[in-house]
Amino acid sequence: MFTKLYLSTTNANISLSEMISQNIYPLLISVIFHTIVYSLFINAVYYTFFGSLLSMKINSRLFVLLFMIMFFGYIARFYHVKDVYNAYNKDMEKTRNHLDKLYISWIFIA
């Protein structure tokens, strides 16, 4: 569903401003979607253990916090991609292999 966004936000051959301007709407949709999913998951876990949902105040703070983490996470990942790209002497194929393994093994599982 977000494969195109992943590929475009891990392209080390563009600048940060290009990455954001080209992907702002899919990026915001992804951030909002994942923030809602994670908020629902946290509420489900809380409900399972305590028998009630989190209060609206806590949910609001949770939503804002997760939104910020997700949005700035895209920027942090972009800088990480640039560092990996430079470490592999600007070899995009090695960079892509490295990132795909990292994403599948750690980020996606988390």
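Bear in mind these aren't lab numbers, they're just calculated from the coordinates by the rules spelled out. Keep in mind the model is a prediction, meaning the values are calculated, not measured. Cβ atoms come from the backbone with ideal geometry, glycine included; neighbour counts cover every protein chain shown.
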Subject >> Theoretical FRET efficiency, 1/(1+(r/R0)^6), r = Cβ-Cβ of Phe72 and Lys101, R0 30 Å, to 0.05 >> reply: 0.80
Subject >> Environment charge of Ile42, counting only residues whose C-beta is closer than 15 Å and scoring Lys/Arg +1, Asp/Glu -1 >> reply: +2
Subject >> Gain in span if fully extended, Lys4 to Met92, counting 0.36 nm per residue against the direct Cα distance >> reply: 30.0 nm
Original post:
Between His80 and Thr48, what is the FRET efficiency for a Förster distance of 25 Å, r being their Cβ-Cβ separation, to the nearest 0.05?
Top reply: 0.15
Original post:
Just one of (i) 1.14; (ii) 1.09; (iii) 1.07 is Rg/Rh (Cα atoms, Kirkwood Rh) as worked out from the coordinates here. Which one is it?
Top reply: (iii)
